[in-house]
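Following: one structure in structure tokens, then a few remarks.
Any read-out appearing in this document is the output of simple, stated calculations on the displayed coordinates, not a laboratory observation. Bear in mind that the values here come from a model prediction, so they are computed numbers and not experimental data.
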Amino acid sequence: MKRLLENNMELAQQQVERESSNTEYYFLQRKAFFVALSLLVLIVPINLMLYAAGTSVYSMVAYTMLMLTIVLVNGVFYYLHFLLPDTKLATYISALGVYLLSIGLILELREPSIFAVLFLSYAIIAIYQDLKIAYLNGVGLFVVGSFIIFRFPEFFDVGTTLSPNTFYLFLFLLIFVVLLSVASFIMIKRKEFFYRQLARIKEREFKIIDLFFRLQKNYFGTTFDYNEYYDQIDAFTEEFSNNIDVENAFRERIEILREMRTKTKEELLQKHPSYTLEELHEIEQLELATVRKMPKIAFKASQSPYIQISKKDVFAEKQYSTLNHSTDELAVKVVAFSVFYSLLKMDTPISKKMTDEEIITILSSEEFHQIIPREILSTYIRNRDDFANIIDSTQKRGDAS
């Protein structure tokens, strides 16, 4: 039983991590759009600056092509992301390209003020809000900045390479990069935590909806007739196509939905050669009996009109699904955990009472580490026999009365 519980928790954690990664990838694509937009806006000012400095036309064209290449890479990542599936290649290419552009502009113009282009490059790459990119961004700013300071000290009128002013400038750069990196790290970690919380909420919602469907089947004996539903959809699309005098474009897709319960993707591709694997994955999301995503969405949508959500309630689930409120006193936390522990040790209509080994397995998971105070959890693990004896004696007195 304990092993089964651990496997279920591991599977749930994998689902949460996968959903969190999908959410992060989705927003990373959107951020690529803003990176491309930022570089597009900068093309004209940079060329005007190069023209005013007397830069050759060939150099201006080279810088423009480099910026357009970065814009194109991010555009592909945003609009044609299936060409770069599950990869952050576009972000690495963009970071490298932007810092190459910065180095080129600094060496081309050789003015103290142009050093600010490094910080502009850092700001553009920071839009991605990705941890690995943030590390590379900090290293890139520090390495390129240090190279410029020690290799071309005359840019800043600080004397020679070994002068105290050069050292002070380098120290300023080091402190600045460290502060920027720490701030980025904190912000990205908060973002990742928020994505994991969203994934846990979604996973919890799906579990509740699955439980509702099982209860409906077990206690009311009602099941959804998927074949009849497909028949109705087929009849509707056929009538709709006849009314507008076109061929029914949905018939083959509905047939694929029926066959997905019994056939593999390879068999479906052989039977329907006009469809690609990507298209089959899209159609699969509409399948009702196995994937069951649409019934869950429909059930949630049916309940949405009865739920009122205001801005201050957006994080309500995260706020109240925890026993670790910073404003609570220790005694309140102990009482809250005791009630929670007592519930786990009782038989309920939807769950059986658990052993202490099973409870420790659950409470040791990542999710419960975040919602239960660490000192309370440590106290329970050290004194679990005392907790069990108290619960047993209390239940015996309740049975006797």
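Some observations on this one:
- Length released on extending from residue 15 to residue 352, taking residue separation times 0.36 nm less the Cα-Cα span: 118.9 nm
- The length gained on full extension between residue 362 and residue 93, counted as 0.36 nm times the residue separation minus their Cα-Cα distance, comes to 92.6 nm.
- Overall form of segment 23-177 per C-alpha gyration tensor (a/c, 1.5; a/b vs b/c): oblate
- Contour excess over end-to-end distance, with Cα ends at residue 233 and residue 167 and 0.36 nm allotted per residue: 16.3 nm
- In the structure shown, the pairs 31/265; 217/300; 31/207 are assessed against 29 Å; a Cα-Cα span above that value is assigned to 31/265; 31/207.
- Over 14 Å [Cα-Cα, segment 226-304], rounded percent: 66
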